[in-house]
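Report on one structure; see the data block that follows.
The values are calculated or read from the model by the stated rules, or taken from the named source; none is laboratory data. What you see is a predicted model; the values in this text were computed from it and never measured. Here the Cβ is made from the backbone with ideal geometry for all residues, glycine too, and neighbour counts use every protein chain on show. What goes into the accessible areas is simple: the full protein's heavy atoms, side chains included, and nothing from ligands, DNA or RNA. Shrake-Rupley method; radii C 1.70, N 1.55, O 1.52, S 1.80 Å.
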Amino acid sequence: MSSLISQNITHSIGDEKSKRKTKGEGKEESEKKINRKRKKEHNEENKEVEIKDKQEMEKLENLLFGSLYNPVGFGKDDDDEKRDDGGNDSAMFFVDRAADSALSVYEGDAQLVQEGIIEVEKERKPVWVDDEEEKASIKLASVNRLRKLRKEEGEDVVSGSTYVERLRAQHAKLNPGTEWAQIDYQSRNYSSDDEDSDKEGKHIDDYGSKDVKLVDDILQSNEDLVVKSRTKLLPGLLEYSRLVDANTVDPSNAPINSVQFHKNSQLLLVGGLDKKLRFFQIDGKRNTKIQSIFLEGFPIKKASFLPNGSQVIISGRRKFFHVLDLVKASVDKVGPLVGREEKSLESFEVSPDSNTIAFLGNEGYILLVSTKTKELIGTLKMNGTVRSAAFSDDGQQLLSSGGDGHIYHWDLRTRTCIHKGVDEGSINGTALCTSPNGSLFASGSDSGIVNIYNKQEFLGGKRRPIKAIENLTTKVDFMKFNHDAQILAISSGMMKNSSKLVHIPSFTVFSNWPSPNQAVHYPRCLDFSPHGGFMALGNAAGKVLLYKLHHYHDA
């Protein structure tokens, strides 16, 4: 009996425990469901808040920048947008608050265009056209500032419409637009058609692959990345302007004998009889001085960069010369040269390949010195005295002239004279220079006459020059071609303002150089910047006059 009672009590206790357990589990499950429901409601509330914030932000952006997302409609509230009355929405009006026609097509516009309500304008026409423009005639040659609009040298009168077109083309040339401001750029980047997103992505990928191919082609070539100006320089009047003197920060109290631009177009070397070598950074406004070097007891007669820009050769009326290493920032004294005794090494020329220096010696000797070892490697001998020399464009040949009135052509590989010709009308040759392309060379004499020769014709036996420039009346001291051989500068230091610029294609002198209102004093040296934009002229007053040549856009 007792065993049965104990069994019943045990079963009742087990059933009560199992009920409590299931009741506890049901309570926990209900709490979990409540928590999930609360989280879901909280997430929905957060989403609604985010949506409202986003809509508010879009409205603010629409007010500030125009309808970037959806066009703003008249008489359409938020509740009306949610209600679909089945009506036709194609006739609904909208306002673009930005009024910017350069933005991409909106979705509403796209729908109206598809339904034929709005006609797409294929070509934008001018708002206003003056019929009198076609009847008007403009003279370009008589006005200096309009000469640049001519396409041919002899062109003078053009119609009004042609004049307007050329003015617009000139403005577009001087003020090129940016890519981001172009209409096709914005339509490409802000397209609102989601269905074509995959196609656009493919198009962008293809566009990027083309860019990569173009970059690879550029890196695999050794051609110039910048396309040089091929416009023809017109004769007659030269467009230029006077800038701040190049050495205005540190002027010299002695004559300037050398000015030369570095190959980077910004660094200008200035040397003179005050025994100082100065370097200026040329910008046309401040022309900041970078450094100056004083050479005690060494008045500078000539200073020149090596074409590779690593060193500066400095000479004076001494038996030795100095070498300034721009990389090491050190000055070394070189000489006297072993194997040849010279009283002075003041005149020299540097080869375009930066391998050889040619010093003009006594008794018609030309001393060839290596730029690497700074030692004498050979000599050339003329019949008369040597007064000037010039290397060919490749550095393999050397031209020289002097007291016998002849022009010598030397082959530096064999160190022999390959041609000797008479310089017409010259008794004493005083200056020589060759064009950068090697086709022309000019010879100046003590009578002031400058003869311009075609090199191949002269070597072939033709003695007459292409043109004889007779605008100088005293000894020609200096000549220099610019980078594209369209200008030849000639000067004489024996007379004030005795400097001329020759237009090589027509072999005429620019009539407005030098300006009568801006004296150049006694010119001593001149140089053009590597791309022709600047021209520097050193005179006997210790100034370096700086000019901007407007035909060339780059320095």
Check your understanding: When both residues are 6+ apart or on different chains and their Cβ atoms are under 9 Å apart, which pairs have a first residue that lies in the stretch 458-470 and is of a type in the set (Gly, Ala, Ser), and a second that is in a loop (DSSP other than H, G, I, E, B)?
Key -> Ala468/Glu424; Ala468/Gly425; Ala468/Ile449
Review point. From the list Leu501, Leu488, Leu472, Leu459, which one is among the aliphatic types (A, V, I, L, M) and in contact with a His (Cβ under 7 Å, 6 or more places away or on another chain)?
Key: Leu459
**Study point:** Residues being closer than 20 Å to Gly339 by Cβ, open to solvent by 10 Å² or more (accessible area, probe 1.4 Å), in contact (Cβ under 8 Å) with a residue 12 or more places away in the chain and in a strand (DSSP E or B) - total across the stretch 379-423
**Key:** 4
Study note, to complete from the structure: Going through the stretch 127-143 in order, the residues found to be among the β-branched types (Val, Ile, Thr) and either farther than 24 Å from Glu153 by Cα or open to solvent by 100 Å² or more (accessible area, probe 1.4 Å) (or both) are Val127, Val129
Exercise for review: Give the residues of the stretch 440-460 that are assigned to a loop (DSSP other than H, G, I, E, B) and either under 16 Å from Ser499 (Cα atoms) or open to solvent by less than 50 Å² (accessible area, probe 1.4 Å) (or both), sorted by residue number.
Suggested key: Asp446, Ser447, Gly448, Ile449
Review point. Would it be correct to say that Ile313 is assigned to a strand (DSSP E or B), in contact with an Asp or Glu (Cβ under 9 Å, 6 or more places away or on another chain), β-branched (Val, Ile, Thr) and modelled with pLDDT of 95 or more?
Key: no
Practice item. Go through the stretch 300-324 and give me each residue that's in contact with a Pro (Cβ under 6 Å, 6 or more places away or on another chain) and open to solvent by less than 40 Å² (accessible area, probe 1.4 Å). Key: Gly316
Check your understanding: With (1) under 23 Å from Phe391 (Cβ atoms); (2) in contact with a Ser or Thr (Cβ under 7 Å, 6 or more places away or on another chain); (3) not aromatic (Phe, Trp, Tyr) as the list, and Asp274 as the residue in question, which single condition is left unmet?
Key -> (1)
Point to revise | Enumeration of residues in the stretch 468-493 that are closer than 16 Å to Tyr453 by Cβ and assigned to a loop (DSSP other than H, G, I, E, B) | key: Glu470, Val476, Ala485
Practice item. Taking the residues in the stretch 342-378 that are open to solvent by less than 10 Å² (accessible area, probe 1.4 Å) and among the aliphatic types (A, V, I, L, M) as candidates, determine which candidate is farthest from Thr434 (Cα to Cα). Key: Leu345
Check your understanding: Name the residues in the stretch 494-551 that are under 25 Å from Lys289 (Cβ atoms), outside any strand (DSSP E or B) and not hydrophobic (A, V, I, L, M, F, W, C), would you?
Key -> Gln518, His521, Tyr522, Ser529, Pro530, His531, Gly532, Gly533, Gly542, Lys543
Exercise for review: Give the stretch 520-554 a look and list any residue that's over 17 Å from Asn247 (Cβ atoms) and either open to solvent by 10 Å² or more (accessible area, probe 1.4 Å) or among the aromatic types (Phe, Trp, Tyr) (or both), or say none.
Suggested key: Phe528, Pro530, His531, His550, His551, Tyr552, His553, Asp554
**Study point:** Restricting the stretch 424-437 to residues that are surrounded by 14 or more Cβ atoms within 10 Å (Cβ to Cβ) and among the hydrophobic types (A, V, I, L, M, F, W, C), the residue that is nearest to Val476 (Cα to Cα)
**Key:** Ala431
Check your understanding: Out of all the residues in the stretch 325-341, is one or more outside any loop (DSSP other than H, G, I, E, B) and open to solvent by less than 10 Å² (accessible area, probe 1.4 Å)?
Key -> no
**Study point:** Pick from the stretch 241-299, criterion of a type in the set (A, V, I, L, M) and part of a loop (DSSP other than H, G, I, E, B), ranking: surrounded by the fewest Cβ atoms within 10 Å (Cβ to Cβ)
**Key:** Val249
Exercise for review: Count, please, the residues in the stretch 486-506 that happen to be over 26 Å from the mean Cα position of the chain (by Cα) and either at pLDDT 95 or above or of a type in the set (Gly, Ala, Ser) (or both).
Suggested key: 8
